[in-house]
Amino acid sequence: MTGSPQHRLGELMEQSNPPFEEVMSCVFGIESHETRTYLALCDQPGSTIDELAATLERDRSTVNRSLSTLHDRGLARRNRRLLDGGGYVYQYTAIALPEAKALLHEALDAWTATVHDVIEGFDGGTE
(Lines give C-alpha, C1' and ligand atoms only; values in the text may rest on other atoms or scores of the structure.)
Protein backbone atom coordinates (compact mmCIF):
# COMPACT_ATOMS: atom_id res chain seq x y z
CA MET A 1 0.00 0.00 0.00
CA THR A 2 1.44 3.37 -0.94
CA GLY A 3 0.98 6.62 0.90
CA SER A 4 1.44 7.21 4.58
CA PRO A 5 -1.88 6.83 6.36
CA GLN A 6 -2.25 8.28 9.81
CA HIS A 7 -3.80 5.34 11.62
CA ARG A 8 -6.46 6.27 14.17
CA LEU A 9 -6.49 2.90 15.89
CA GLY A 10 -7.07 4.49 19.28
CA GLU A 11 -10.55 5.46 18.11
CA LEU A 12 -11.31 1.79 17.45
CA MET A 13 -10.13 0.69 20.87
CA GLU A 14 -12.78 2.90 22.48
CA GLN A 15 -15.61 0.95 20.81
CA SER A 16 -16.74 -2.57 21.57
CA ASN A 17 -18.31 -3.25 18.17
CA PRO A 18 -17.27 -0.67 15.55
CA PRO A 19 -18.90 -0.82 12.09
CA PHE A 20 -16.75 -1.99 9.17
CA GLU A 21 -16.76 1.49 7.61
CA GLU A 22 -15.27 2.99 10.76
CA VAL A 23 -12.65 0.24 11.00
CA MET A 24 -11.63 0.94 7.42
CA SER A 25 -11.46 4.71 7.99
CA CYS A 26 -9.40 4.39 11.16
CA VAL A 27 -6.97 1.71 9.96
CA PHE A 28 -6.28 3.30 6.59
CA GLY A 29 -6.30 6.84 7.99
CA ILE A 30 -9.00 7.99 5.58
CA GLU A 31 -12.12 10.05 6.12
CA SER A 32 -15.58 8.50 6.32
CA HIS A 33 -16.57 10.08 2.98
CA GLU A 34 -13.55 8.37 1.38
CA THR A 35 -14.71 5.03 2.79
CA ARG A 36 -18.19 5.70 1.36
CA THR A 37 -16.56 6.45 -2.00
CA TYR A 38 -14.68 3.13 -1.85
CA LEU A 39 -17.90 1.24 -1.10
CA ALA A 40 -19.70 3.03 -3.94
CA LEU A 41 -16.88 2.00 -6.27
CA CYS A 42 -17.33 -1.61 -5.16
CA ASP A 43 -20.94 -1.36 -6.37
CA GLN A 44 -20.10 0.61 -9.52
CA PRO A 45 -16.71 -0.45 -10.93
CA GLY A 46 -15.38 1.68 -13.77
CA SER A 47 -17.11 4.86 -12.56
CA THR A 48 -16.02 8.34 -13.51
CA ILE A 49 -15.80 11.24 -11.09
CA ASP A 50 -19.07 12.67 -12.44
CA GLU A 51 -20.88 9.35 -12.06
CA LEU A 52 -19.69 8.94 -8.48
CA ALA A 53 -20.51 12.54 -7.61
CA ALA A 54 -24.10 11.92 -8.74
CA THR A 55 -24.34 8.61 -6.87
CA LEU A 56 -22.87 10.00 -3.65
CA GLU A 57 -24.62 13.37 -3.99
CA ARG A 58 -21.29 15.07 -3.36
CA ASP A 59 -19.41 17.88 -5.05
CA ARG A 60 -17.23 16.76 -7.95
CA SER A 61 -14.08 18.22 -6.36
CA THR A 62 -14.74 16.34 -3.09
CA VAL A 63 -15.15 13.06 -4.97
CA ASN A 64 -12.00 13.79 -6.96
CA ARG A 65 -10.00 14.28 -3.73
CA SER A 66 -11.51 11.10 -2.26
CA LEU A 67 -10.54 9.12 -5.34
CA SER A 68 -7.01 10.53 -5.26
CA THR A 69 -6.66 9.42 -1.64
CA LEU A 70 -8.06 5.96 -2.37
CA HIS A 71 -5.72 5.64 -5.36
CA ASP A 72 -2.72 6.74 -3.25
CA ARG A 73 -3.63 4.20 -0.55
CA GLY A 74 -3.89 1.40 -3.11
CA LEU A 75 -7.63 0.99 -2.57
CA ALA A 76 -8.69 2.08 -6.06
CA ARG A 77 -7.29 1.70 -9.54
CA ARG A 78 -7.55 4.33 -12.26
CA ASN A 79 -7.75 3.72 -16.00
CA ARG A 80 -7.82 6.31 -18.74
CA ARG A 81 -10.52 5.86 -21.38
CA LEU A 82 -10.28 7.77 -24.64
CA LEU A 83 -13.44 9.60 -25.67
CA ASP A 84 -14.84 9.35 -29.19
CA GLY A 85 -14.83 13.12 -29.64
CA GLY A 86 -11.26 13.44 -28.40
CA GLY A 87 -9.82 13.75 -24.94
CA TYR A 88 -10.15 11.20 -22.18
CA VAL A 89 -11.82 10.47 -18.88
CA TYR A 90 -10.55 8.51 -15.90
CA GLN A 91 -12.53 5.51 -14.72
CA TYR A 92 -12.01 4.20 -11.20
CA THR A 93 -12.46 0.71 -9.81
CA ALA A 94 -12.11 -0.32 -6.19
CA ILE A 95 -9.79 -3.16 -5.33
CA ALA A 96 -11.79 -6.26 -4.46
CA LEU A 97 -13.18 -6.34 -0.94
CA PRO A 98 -11.16 -9.46 0.00
CA GLU A 99 -8.00 -7.62 -1.07
CA ALA A 100 -8.99 -4.59 1.04
CA LYS A 101 -9.67 -6.87 3.99
CA ALA A 102 -6.22 -8.44 3.57
CA LEU A 103 -4.67 -4.95 3.62
CA LEU A 104 -6.65 -4.16 6.78
CA HIS A 105 -5.36 -7.32 8.46
CA GLU A 106 -1.78 -6.54 7.41
CA ALA A 107 -2.01 -2.99 8.78
CA LEU A 108 -3.45 -4.21 12.08
CA ASP A 109 -0.85 -6.97 12.37
CA ALA A 110 1.94 -4.43 11.79
CA TRP A 111 0.47 -2.10 14.40
CA THR A 112 0.07 -4.94 16.90
CA ALA A 113 3.69 -6.04 16.35
CA THR A 114 4.85 -2.48 17.01
CA VAL A 115 2.85 -2.30 20.23
CA HIS A 116 4.24 -5.67 21.35
CA ASP A 117 7.78 -4.37 20.69
CA VAL A 118 7.07 -1.29 22.79
CA ILE A 119 5.78 -3.44 25.63
CA GLU A 120 8.76 -5.81 25.48
CA GLY A 121 11.23 -2.93 25.22
CA PHE A 122 9.91 -1.14 28.29
CA ASP A 123 12.32 -1.50 31.22
CA GLY A 124 10.26 0.25 33.88
CA GLY A 125 12.18 3.51 33.77
CA THR A 126 10.69 6.87 32.97
CA GLU A 127 11.88 8.85 30.00
When you scan segment 90-106, how many residues do you find that are part of a helix (DSSP H, G or I) and in contact with a Gly (Cβ under 8 Å, 6 or more places away or on another chain)? 1
Would you please name the residue that is nearest to the chain's Cα centre (by Cα), looking only at residues in segment 9-60 that are aromatic (F, W, Y) and under 27 Å from R80 (Cα atoms)? F28
Considering only residues that are touching a residue at least 12 places away in the same chain (Cβ under 8 Å) and open to solvent by 90 Å² or more (accessible area, probe 1.4 Å), which ones fall in segment 51-70? R58
Go through segment 21-50 and count every residue that is part of a helix (DSSP H, G or I), open to solvent by 70 Å² or more (accessible area, probe 1.4 Å) and closer than 14 Å to L75 by Cβ. 2
Hey, could you check segment 71-95 for residues that are touching a residue at least 40 places away in the same chain (Cβ under 8 Å) and out of contact with any strand residue (DSSP E or B) (no Cβ under 7 Å at 6 or more places or on another chain) and say which is most open to solvent (accessible area, probe 1.4 Å)? D72
Can you tell me which residues in segment 68-89 are more than 20 Å from T35 (Cβ to Cβ) and either assigned to a strand (DSSP E or B) or hydrophobic (A, V, I, L, M, F, W, C) (or both)? N79, R80, R81, L82, L83, Y88, V89
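The values are calculated or read from the model by the stated rules, or taken from the named source; none is laboratory data. Quick caveat: nothing in here was measured; it's all calculated off a predicted structure. Note: ideal-geometry Cβ built from the backbone for every residue, glycine included; neighbour counts use all protein chains shown. The area values use the complete protein model at the heavy-atom level, side chains included, leaving out ligands, DNA and RNA. Shrake-Rupley method; radii C 1.70, N 1.55, O 1.52, S 1.80 Å.
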